Amino acid sequence: MELSNKLRWDQFMILAAALISPAVKVLCNDILSLKVAGDPVLTPNSVCLRLPGLSKRQMRMCVRSPDVTASALQGIQVALHECQHQLRDQRWNCSTLEGQDKLPHHNIILNRGFRESAFSLALLAAGVAHSVATACSMGKLRGCGCDAKRRLDDDKIRLKLSQLQLQTLQKGGAGIGITRSLPAEMTGLHGNLPTHLHSTHPSALLKTLPHELNSMQETWEWGGCSHDVRFGDRFARDWLDTRGSPRDIHARMRMHNNKVGRQIVTDNMKRKCKCHGTSGSCQFKTCWHVSPEFRLVGSVLKEKFLSAILSTPRTGTMVFLTRVRRRTMSRELVYFEKSPDFCEYDPSIDSPGTQGRTCNKTSYNIDSCSSLCCGRGHNILKQTRNERCNCRFHWCCYVLCDECRLTEWVNVCK
């Protein structure tokens, strides 16, 4: 049975092979093992049954929404890449989260109470919420689309543009004859305007426009397709969180840090805008919300990792050793076990050790050879290696990377 599961997992955990040319592109999905470009047909058979380790609840969600589940798995893959980037100088660098015969959430370290556990849980939850929200806005998921609360009706946009044309022409001293230069819908030919706006003089239109439209000039209104971060947040919560009230400290820690990760995505949504007006002017804008770059999400969580709050278990609750306000604590990472040093290989705590890791002999930080090598010393080697670089994440389920070849002298821990 164990060999069978391993063979099944090997079919989807296909890592990018080392290639000889920096111009070669690597297109893969490390979780689903999809290697063909384009948009695959996502069905329960192609997603759910290929992935061991799903709980009964996750399997039900997957069968109901295989497209959303595939997007969530892509978010997990994005998070694994980001985890390795953010902790690249730490003794534990997330490398053990990849290449397992199960989803990363079944990994040993994610079932411990370390600071590293808290960071990884939050980043994985953020990855799921971010990926699902982005896929919604791309129209790739059947169950969601644009954020309906941040949309401006197309008719209102056309009406506003026509109003701005009228105002511009009036300032130039134009009169009644300007109606000839207006869009057809403004003359009433197509009946797009309400009957009471069909006036022989354009100034009547300006007087009767709603106040909220008159105030739009040189401002902005919601339009375009805002990322539905609420849908992404909800799916990530349902997919990853324990149902009901958690009874043990680890479940409480997991739910807390999952929420922190999802909240980072919501808090860092950005507004993008498009100009509207005559002759390329920007008389008013329509704007929409987009998810932040995931590198920003990772960087914010890295700062929270460095300042994470230690709690102590007491009757199944979390008592924090640092005196912080409840509101502040709700946005901070928390953990309840002091981390080991991760110097030596120890599978019981998911520690790969630091032997063979590249260190910086001129640094005084945690990536220094004295710190990273745990006092064992280091060797100086000339090394040529291929690595994935400039990665872009493509719907659905692919990571498109350049393959970079590097030759350099490196310091390697003994």
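No value in this document is a laboratory result; all are computed from the given coordinates. Small disclaimer: the values here were computed from a predicted structure and weren't measured. Please note: Cβ atoms are built from the backbone with ideal geometry, for glycine as well, and neighbour counts cover all protein chains shown.
Just check the stretch 324-374 against the gyration tensor rule for me: Cα atoms, a ≥ b ≥ c as the square roots of the eigenvalues, rounded for a/c under 1.5, and otherwise prolate or oblate depending on whether a/b exceeds b/c. Cα axes put the stretch 324-374 in the oblate bin.
Can you give the FRET efficiency for LEU296 and VAL63, using 1/(1 + (r/R0)^6), R0 = 41 Å, r = Cβ-Cβ distance, to the nearest 0.05?
The computed FRET efficiency comes out at 0.75.
VAL410 sits among other residues whose Cβ lies under 11 Å from its own Cβ, and their net charge, with Lys and Arg +1 and Asp and Glu -1, is +3. Across the stretch 262-268, rounded Karplus estimates of 3J(HN,Hα) from the backbone phi angles (6.51 cos²θ - 1.76 cosθ + 1.60, θ = phi - 60°) give 5, 5, 4, 5, 5, 5, 10 Hz, Gly and Pro being marked x.
Site pair ILE380 and ARG331 shows an inter-label distance of 4.7 nm when each label is modelled 7 Å from Cα along Cα→Cβ. Among residues other than TRP92 with Cβ under 9 Å from its Cβ, the summed charge is -1 (Lys and Arg +1, Asp and Glu -1). For GLY277, nonlocal amide neighbours, meaning residues 5 or more places apart or on other chains whose placed amide H falls under 5 Å from its own, are GLN283.
Using 0.36 nm per residue and subtracting the Cα-Cα separation, the extra length available between THR362 and HIS85 on full extension is 97.7 nm. Ranked by how many other Cβ atoms sit within 10 Å of their own Cβ, fewest first, the residues VAL229, VAL399 fall in the order VAL399, VAL229.
For the stretch 85-90, 3J(HN,Hα) computed residue by residue from phi via the Karplus equation (6.51, -1.76, 1.60; θ = phi - 60°) reads 5, 5, 9, 5, 9, 8 Hz, glycine and proline entered as x. Electrostatic tally near GLY377: other residues with Cβ closer than 14 Å to its Cβ, Lys and Arg +1, Asp and Glu -1, net +4. Taking the fewest neighbouring Cβ atoms within 10 Å as the starting point, the ordered list for ILE109, ILE264 is ILE109, ILE264. Here's how it looks for ASN360: its modeled amide H is under 5 Å from those of SER368, CYS369, which are all 5 or more places away or on a different chain.
Counting neighbouring Cβ atoms within 10 Å and putting the fewest first, the residues MET59, MET255 line up as MET59, MET255.
Once you order the gyration tensor axes a ≥ b ≥ c over the Cα atoms, which shape class does the stretch 80-130 get: rounded for a/c under 1.5, otherwise prolate or oblate by comparing a/b with b/c? In terms of gyration-tensor shape, rounded.
For the stretch 285-291, putting each phi into the Karplus relation 6.51 cos²θ - 1.76 cosθ + 1.60 with θ = phi - 60° gives couplings of 10, 10, 10, 8, 8, 10, 5 Hz, in residue order, rounded to whole numbers and with x for Gly and Pro.
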